[in-house]
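J.: Input: one structure, supplied below.
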Amino acid sequence: MGQGLSCRSSDELGLFSAVQLGDLETVKEVMGKKSALVHCSTVYDRNSALHIAADNGQIEVLSFLLEGSVKPDVLNRHKQTPLMLAAMRGNISCVTKLIEAGANILMFDSRSGRTCLHYAAYYGHSGCLQAILSAASTSPVAASWGYSRFVSIRDRKGATPLHLAARQRYPECVHILLDNGALVSASTGGYGFAGSNPLHFAARGGSLDCIRELLAWGADRVQRDASGRMPYTIALRHHHEACAALLNPSSPEPLVWPSSLKFIGELNQEAKSLLEHALMEANREKEKMILKGTVLSPPSPSPSDSGFDDNMSEVSDSELCCICFDQACTIEVQECGHRMCAHCTLALCCHNKPNPTTACHAVPLCPFCRSSIVKLVVAKVVKTENDIPRKSWRSLNLSEGSSSFKGLSFGRMGGRGSGMIISENEWLDKPLTLAT
Ligand SMILES: [Zn+2]
Ligand SMILES: [Zn+2]
């Protein structure tokens, strides 16, 4: 690794500055004169030329070095690989190139026992995070370690990448990690902030979006750390009032991404993001009530607030959901082909709280024909004459004053003063109670 070499000669300094600047011609020239220079490292951090290229995002130089005799996993003083530095800096092309060249994603540095995945999460580089996860799912790591174990890998203080992304306020990284099966309730064990789960870390960081994501994936608000503190207590202590309001165990519980959806054979990406969007929107609606009292940290504006009128006119042009008569049908159930809106689909799938003994078998059923839902896809908009009577239904509902059904919450469905809706609600209940 060349730690024995101290780099004080002008050739060496010239090489390092050329690598840093991405001056490929000079790099080639210097290396042509003295090829052993490639194994040289900087005096203090013992960074190799490959580290410097990765750190500075110099993809051309990095590719050139890798094509030569440089091994991708050369280590610096802190046992950090070039891949770790690229992940810290968010140099996605370098991350991809290093992985292609066979860089090991399962290396731990000596500073804090972190992997490249920890660094991508800590610095909020979602592209790098995704690239490393994709590599992990197909590389030998998945076979030897297990993919899910890698996603929730711990550093020396017991923190998983999810802890770090939540602490550093990166909701997109939190989302990607959860989507890839990161353990939402992973504990740091006896290390660092002992017994903390990602929600404790998010409470410390104070990002509402991170807290929303974690809660929607089933994070437990009442789980205590080793000092007996709930995330709520930590948020209060760090003066994150709005976060504390959501974390307060006496606040209404948010909707949780239904575990039953995991048992639908195929949920395509488009349908999934529609449902996720509906879930987050429903939760924001609940939040408005919760956050009303928090003066210091007003809720972040919901994108749906301003656009609601536009949505209404869009709805009138497409097929209305026959369950709520408020939203457009965006989700189609297959095989049967029945349609409903994303909100109602979610309500159907997370109507029952997960029951540890029966949840595994609760495949959701179509509320119209009670056949098992094998697939959820995005409904294509078809304009038919059938829209006309449905529109009148909707305008009737609107004239009764129920202007918004966005904040769909269970138990509210029957409270709309419409006999039709109540009977639909009972109908919704049946298949689920029968299924248990
Ligand atoms: Zn609906
Ligand atoms: Zn059906």
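J.: Please compute the Kirkwood hydrodynamic radius of the stretch 69-139 from all pairs of different C-alpha atoms, in Å with one decimal.
T.: Evaluated on the stretch 69-139, it is 11.7 Å.
J.: Using only the alpha-carbon atoms of the stretch 106-251, report the extent along each of the three principal axes, biggest first, to the nearest angstrom.
T.: Taking max minus min along each principal axis of the Cα atoms, the stretch 106-251 gives 45, 27, 22 Å.
J.: Next question, about the same structure. Quick one: length gained pulling residue 107 to residue 336 fully straight, 0.36 nm per residue minus the C-alpha distance?
T.: Gain in length upon complete extension: 77.6 nm.
J.: Here is a follow-up. Return the ratio Rg/(2.2 N^0.38 Å) for the stretch 158-197, where Rg is computed over Cα atoms only.
T.: Relative to the 2.2 N^0.38 Å estimate, the stretch 158-197 comes out at 1.09.
J.: Please name which of 59, 20, 9 has its Cα lying farthest along the dipole of the stretch 1-104 towards the positive end, using unit charges on Cβ (Lys, Arg +1; Asp, Glu -1) and the Cα centre as origin.
T.: My answer, from the dipole projection, is 9.
J.: Any idea which of 273, 234, 214 is furthest toward the positive side of the dipole for the stretch 171-284, if Lys and Arg beta-carbons carry +1 and Asp and Glu beta-carbons -1?
T.: 234
J.: Show me, for the stretch 200-205, the HN-Hα J-couplings you get by feeding each phi into the Karplus relation (A = 6.51, B = -1.76, C = 1.60, θ = phi - 60°), rounded to Hz, glycine and proline as x.
T.: After applying 6.51 cos²θ - 1.76 cosθ + 1.60, I find 4, 5, 5, 5, 6, x Hz.
J.: Okay, next question. For the ranges 100-110, 178-188, 27-37, what's the packing order if you count other beta-carbon atoms within 10 Å of each residue, average per peptide, and put the highest first?
T.: 178-188, 100-110, 27-37
None of the figures in this text is laboratory data; all of them are computed from the coordinates on show. Everything numeric in this text was worked out from a predicted model, so none of it was measured. Backbone-built Cβ (ideal geometry, glycine too); neighbour counts: all protein chains shown.
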